[in-house]
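Remarks on the structure that follows.
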Amino acid sequence: MPIRWLTTHLEVTSNLYNMIETKQLIIKPLDFSQLLKYVKNDNSLELELCVGISNRIISLELKEALEQAILPFVAKNETNYLFFTLWTIILKSENRMVGDLCFRGIPDVNGSIEIGYGTYEGYRGKGFMTEAVGGMIAWAKTHPAVKSVIAETDKTNVASMMILQKNGFVKSDESIDFFQWKLQL
């Protein structure tokens with residue numbers, strides 16, 4: 001039976017398969033074998049998910065994160081991998097992957113989890129990531145150990161800052177190159 005959450009202007013549904021559904025999107029966590037297909041970037045993942053072929057480009061930063069952190073953590077935590085894996089964002093109207101998100105591990109001792117995300121070229125500036133981050137926040141709220149969600153943006157990445165602000169994040173700190181953001185749940 002699906003679980004439904006109502007958030008500000010957003011209805012989110014989750015089901016037994018850990019898939020999150022928002023108004024326009026399906027957000028699906030990738031298991032270990034799907035992550036391997038994601039890294040191959042040969043459209044085998046799209047074929048498995050029965051979605052249209054995408055022109056996704058895996059950045060060097062994401063490739064390193066997949067190889068050094070995400071894949072090893074998911075391999076070790078096959079039954080509890082949702083806080084470690086990449087979640088793909090599928091646009092329902094096109095049945096096509098349009099971006100990815102991830103949490104960077106289980107909640108720390110203070111109950112914080114960090115979120116990271118990226119939208120594929122051609123789908124930016126259309127509100128999809130704002131909606132996806134909102135869906136992930138709603139999912140995180142169902143986990144009692146999660147007390148806050150944090151994020152980091154490059155000081156020049158205005159689009160990413162807007163996504164966070166629209167989801168209720170506030171600037172919590174900064175360094176030379178980055179702003180840190182926090183959403184208290």
Residue set ASN80, ASN55, ASN95, ASN110; condition touching a Lys or Arg at 6+ places or on another chain (Cβ under 9 Å), polar (S, T, N, Q) and exposed (fewer than 14 other Cβ atoms within 10 Å of the Cβ); output residue ASN110
Could you tell me whether any residue of region 113-129 is of a type in the set (Gly, Ala, Ser), in a helix (DSSP H, G or I), surrounded by fewer than 17 Cβ atoms within 10 Å (Cβ to Cβ) and free of Cβ contacts under 8 Å to residues at least 60 places away in the same chain?
no
Enumeration of residues in region 34-60 that are among the acidic types (Asp, Glu) and more than 15 Å from GLY99 (Cα to Cα):
ASP42, GLU48
Hits in region 140-181 (condition: free of Cβ contacts under 8 Å to residues at least 12 places away in the same chain and of a type in the set (A, V, I, L, M, F, W, C))
VAL158, ILE176
Only one of (1) assigned to a helix (DSSP H, G or I); (2) under 16 Å from TYR120 (Cα atoms); (3) charged (D, E, K, R) fails for LYS37. Which number is that?
(2)
Name the single residue, out of those in region 66-76 being under 17 Å from the mean Cα position of the chain (by Cα) and without any contact (Cβ under 8 Å) to a residue 40 or more places away in the chain, that is surrounded by the fewest Cβ atoms within 10 Å (Cβ to Cβ).
ALA69
Output yes when any residue across region 78-92 is at positive phi, more than 16 Å from the chain's Cα centre (by Cα) and modelled with pLDDT of 95 or more, and no when none is.
no
Considering every residue within region 122-129, establish whether at least one is basic (Lys, Arg), under 20 Å from ILE26 (Cβ atoms) and at pLDDT 90 or above.
yes
Looking for something under 26 Å from LEU45 (Cα atoms), surrounded by fewer than 18 Cβ atoms within 10 Å (Cβ to Cβ) and not charged (D, E, K, R) - is there at least one such residue anywhere in region 131-152?
no
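Residue under question is LYS28, and the condition is that it be within 21 Å of THR119 (Cβ to Cβ), within 16 Å of the chain's Cα centre (by Cα) and without any contact (Cβ under 8 Å) to a residue 40 or more places away in the chain; does it hold? I'd like the intermediate steps shown before the answer.
Numbers: within 21 Å of THR119 (Cβ to Cβ): yes; within 16 Å of the chain's Cα centre (by Cα): yes; without any contact (Cβ under 8 Å) to a residue 40 or more places away in the chain: no.
No; evaluated as a whole, the condition is false for this residue.
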Looking at ILE57, ILE89, ILE137 in this structure, which one is touching a residue at least 60 places away in the same chain (Cβ under 8 Å), assigned to a strand (DSSP E or B) and either within 26 Å of TRP181 (Cα to Cα) or of a type outside the set (Asp, Glu) (or both)?
ILE89
The one condition in (1) touching a strand residue (DSSP E or B) at 6+ places or on another chain (Cβ under 8 Å); (2) not in a strand (DSSP E or B) that CYS102 fails to fulfil
(2)
Take THR79 and tell me if it is touching a residue at least 24 places away in the same chain (Cβ under 8 Å) and β-branched (Val, Ile, Thr).
no
Where residues in region 141-185 are out of contact with any strand residue (DSSP E or B) (no Cβ under 6 Å at 6 or more places or on another chain) and part of a helix (DSSP H, G or I), which of them is nearest to ASP108 (Cα to Cα)?
LYS141
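The values are calculated or read from the model by the stated rules, or taken from the named source; none is laboratory data. Everything quoted here is computed from the prediction, not taken from an experiment. So basically every Cβ, Gly included, is an ideal-geometry build from the backbone, and we count neighbours across all protein chains shown.
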